[in-house]
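Taking it in order: structure first as structure tokens, then the write-up.
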Amino acid sequence: MAKLEIKPDETAQALQLTREFDIPLEMVWRAWTEPEELKKWWGPKTFTCPHSEIDLRVGGKYLHCMRGPDGTDYWSTGLYREIVPGEKIVCTDCFADEQGNVVPATHYGFDETFPPEMLVTVTFKARGNNTTLTLQHAGVDRITETDRANMAQGWNESFDKLAASIK
């Protein structure tokens, strides 16, 4: 896969969400970095995650499956670009097939404005026994407003599930 170059204007238009969790940082970190923990919360509220592989190292790959309420599987993959334990994860984000091969968004019926590769940056900050998580999904500057709103809703519903899975 070619090196992902995110231009400054794409970063400026990135989807950015911040969530405060009433959960210690170590537990939120594990929810993002351990497959069995991630499977408990990955995907919007009516989705499940039957499969997760995480090779948590720079250059390592992940492969996750979100299963929709109708049984449709949506696979995603990417490479870890930066990992600062307990503080930051930066990885690419691509639609994939179940073998981890990158496929276009149209493979899943999404608009062709979705780029073949995006960049996700997640930062974690401890605030006593709470954790502030900030997610930036860059490279989405050309997607439709409907897809952008759906992406934000999906992440927020996933974060709701993350909070519920740890308590």
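Couple of notes before you dig in:
- Placing +1 on the Cβ of every Lys and Arg and -1 on the Cβ of every Asp and Glu, with no other charges, gives the chain a dipole of roughly 520 debye about its Cα centre.
- Excluding same-chain neighbours fewer than eight residues apart, the aspartates and glutamates reachable from Lys88 by a Cα-Cα span under 16 Å are Glu20, Glu26, Glu34, Asp55.
- Largest first, the extents of the alpha carbon coordinates of the stretch 1-134 on the three principal axes equal 44, 37, 25 Å.
- Model label points for His51 and Lys88, set 7 angstrom from Cα along the Cα-to-Cβ axis, are 3.2 nm apart.
- Base-10 log of normalised Debye intensity for the stretch 87-146 (one unit scatterer per alpha-carbon) at q = 0.15, 0.26, 0.30 Å⁻¹: -0.57, -1.05, -1.19
- A full extension of the chain between Gln99 and Leu17 corresponds to an added length of 26.5 nm, given 0.36 nm per residue minus the alpha carbon distance.
- Relative contact order of the chain, pairs being alpha-carbon contacts under 8 Å that are 6 or more residues apart, as %: 29 percent
- Summed over qualifying helices (DSSP H, 4 residues or more, each -39500 (n - 2.57)) and divided by its residue number, the chain shows a 222 nm mean residue ellipticity of -7000 deg cm²/dmol.
- Calculated from backbone phi, Karplus (6.51, -1.76, 1.60) coupling profile of the stretch 120-136 in Hz, x at Gly/Pro: 10, 10, 10, 10, 10, 9, 6, 10, x, 8, 9, 10, 9, 10, 10, 10, 10
- Here the spin labels are modelled as points 7 Å beyond Cα on the Cα-Cβ line, and at Arg142 and Arg30 they lie 4.2 nm apart.
- For Phe110, distant residues with modelled amide H under 5 Å away: none
We did not get these values from a lab; they are worked out from the coordinates using the rules stated. Being a predicted model, the structure only gives us computed values, none of them experimental. All Cβ positions, glycine included, derive from the backbone under ideal geometry; neighbour counts span all protein chains shown.
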